[in-house]
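**Q** My questions all concern the structure below.
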Amino acid sequence: MWRWENQNQVVVWIWIGIGLFFLTTLFITLLIINYLKSIKKNKKKVAALVRNTKKEYGENMLSLQEQDRERLAEELHDNIISQLNIIRLTINEKSTEELSIDLKRSMQLVRELSHNLTPPDLSEIDLADLIADYLKQINKNIEIIFRHITVEIPISNPVKLNLFRIVQELITNILKHAEASRVDVSLRISINYLMLTIEDNGCGFIVSNHSGGIGLRNIQSRAQKIKAIYKLKTQPEKGTKFIACMAIQ
């Protein structure tokens, strides 16, 4: 009788063990299934994020391309075509020397436009030299002072290009709208950070009245691409100061 009870207890404990093993296996299986579902869900989220990022990047690229086309059309119409039209209308009234000067001025405008659209090989020129070369080509009655303190540290081509385009955008706006007599451009590059400052003594403006303009949107988009923070300080009749700063990675 005692042995029979012991055998029954052993059988019971065996079944209890089997039940616990089954429950443990089921619990682990459910955990694995949930884990795999979580991985699949996260993969979908990452894929959606990548698609959205690519879409946003594509939209930004299209926007920048459209802005560049508009700028090109504006430059051609306001400067080059206007200059050539003046030559055409006055060709019988001016001397050969005067016409030659007008043609040279038109050729200079074309060279400036070409340089603006296609800067030199970015991998072979420093950012400071790139900006200095651009500023030297500006043929306007305005004083432009360029100061730079830099260390020899590699800067990626996308950063160079976007900062160069920002400089172009700001200088173009100053020449067209600021009525300034002086522009101070400063570039400071250290081991840890890069800072660009452009300041003019022009008429200034109210930022809220121009926040939707193509120029400011273009600057904002390019600053975001290189993860730069920037600030635009301006008031009517008090000039404009632009400051951009970014970490050197």
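**Q** Could you tell me which GluC sites (Glu not before Pro) in the range 156-249 are loop residues by DSSP with no more than 12 other beta carbons within 10 angstrom of their beta carbon?
**A** Sites meeting the loop and neighbour criteria: Glu237.
**Q** On a full-extension model of 0.36 nm per residue, what is the gain between Thr29 and Leu99, subtracting their alpha-carbon distance, rounded to one decimal in nm?
**A** Details: separation 70, 0.36 × 70 = 25.20 nm, distance 8.79 nm.
Extending this stretch completely gives an extra 16.4 nm.
**Q** Could you pull the accessible area for Thr150 with a 1.4 Å probe, rounded to 10 Å²?
**A** Surface open to solvent at Thr150 totals about 60 Å².
The values are calculated or read from the model by the stated rules, or taken from the named source; none is laboratory data. Owing to the predicted nature of the structure, the values given are computational and were not obtained by experimental measurement. Please note: Cβ atoms are built from the backbone with ideal geometry, for glycine as well, and neighbour counts cover all protein chains shown. The protein model used for the area step is the full one, side chains on, heavy atoms only, and it has no ligands, DNA or RNA in it. Shrake-Rupley method; radii C 1.70, N 1.55, O 1.52, S 1.80 Å.
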